[in-house]
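Beneath this line is the structure, given in structure tokens, with notes to follow.
The values are calculated or read from the model by the stated rules, or taken from the named source; none is laboratory data. As the structure is a computational prediction, the values presented were derived from the model and not from experiment. Here the Cβ positions follow ideal geometry from the backbone for every residue, glycine too, while neighbour counts run over all protein chains shown.
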Amino acid sequence: YDDRDGKIWMDGKLVKWRDANVHILTHGLHYASSVFEGERCYNGKIFKGHEHSLRLIRSARLLDMPSPLSADEIDAAKEAVLKANGFENAYVRALMWRGSGTEMGVSAKGNPVRFAVAAWEWGAYYGDAKWEGAKLDVAKWRRPDPLTIPTSAKAAGLYMICTMSKHAAEAKGFSDALFMDFEGYVAEATGANIFFTKDGEVHTPLADRFLNGITRQTVIGLLKEAGVTVHERRIRPEELDGFEECWLTGTAAEVTPVAQIGDWRFEIGPLSRQISDRYEALVRA
Ligand code: PMP
């Protein structure tokens, strides 16, 4: 990813892709003082871009990092990156982190908070699984207690077990891993939220202990608009046996049907297709 053409926004200006570097004593690299956003631009417009900018600032604040930019300034930086790279359809990655500075230890108040935006073309997150259905392994690790770590932040530190679990799942031939939460209830995948259907109604884990995805909230809105009842509640793993359809939601994943979780199978049915089509229409509207 390092050595290619293109432009990246770093601390107030566009720099060449291959020159977008940081010092090895970057605090974020050592202590995970880093938050980020994943967004998609469709036909020249970032879907809910401003909402993502606000979430980035909120995540930073949760990590005691005052944002050096307003949400409008973040929006403008993202626009500048898309324009400089000539992208109409792309994935956008904004990043805010504690840089190197006066201190190199756990405390880092004197180290500046830095900001960058990159964008690149990125197709279906789960590749062919978008049509065939993703296959999920059950992760060995669990989503942490909100009293352990600020679980509503989109913070780098929360992804350590995501990478570990996704690698373990991929090594076994699965597309991704599904996490249970710290109490053993169904939580989310490593970069997406999860939904199930039963008897024409939808069930999704209550998002009070992991990222309440912008796509998740959008899809709940679309379902309600379509007159579908949505239950946000604690879901026990044994219940997976009784669900008919299952899908994942996320900016990168969009709406991806799930065919399998461990030994449980799901049909790629009408509601997954309908909601995927409605989401597609909305983001491209
Ligand atoms: N959970 C995790 C762990 C994620 O990384 C993501 C992707 N940002 C989501 C859920 C979905 O969030 P969103 O719909 O806002 O992209």
The stretch 153-163, subset farther than 18 Å from Ala252 by Cα and in contact with a Ser or Thr (Cβ under 9 Å, 6 or more places away or on another chain), residue farthest from the ligand (Cβ to nearest atom) = Gly157
Go through the stretch 52-96 and give me each residue that's under 21 Å from Val15 (Cα atoms), among the basic types (Lys, Arg) and crowded, with 18+ Cβ neighbours inside 10 Å.
-> Lys78, Arg93
Exactly one of Phe115, Phe179 is within 16 Å of the ligand (Cβ to nearest atom), touching a residue at least 24 places away in the same chain (Cβ under 8 Å), of a type in the set (Phe, Trp, Tyr) and not in a helix (DSSP H, G or I), and that residue is Phe179
For the stretch 35-58, the count of residues that are near the ligand (Cβ under 9 Å from one of its atoms) and not in a strand (DSSP E or B) equals 4
Could we say that Glu254 is more than 18 Å from Ala124 (Cα to Cα) and assigned by TED's automatic domain parsing to the domain that holds Ala156 here?
-> no
Residue in the stretch 187-229 that is nearest to the ligand (Cβ to nearest atom), counting only those that are of a type in the set (Ser, Thr, Tyr) and in a loop (DSSP other than H, G, I, E, B) = Thr190
If we scan the stretch 164-183, do we find a residue that is hydroxyl-bearing (Ser, Thr, Tyr), more than 28 Å from Cys41 (Cβ to Cβ) and outside the structural domain of Val81 (by TED's automatic domain parsing)?
-> yes
Confirm whether Arg114 is assigned by TED's automatic domain parsing to the domain that holds Ala84, surrounded by 14 or more Cβ atoms within 10 Å (Cβ to Cβ) and either out of contact with any Gly (no Cβ under 8 Å at 6 or more places or on another chain) or charged (D, E, K, R) (or both).
-> yes
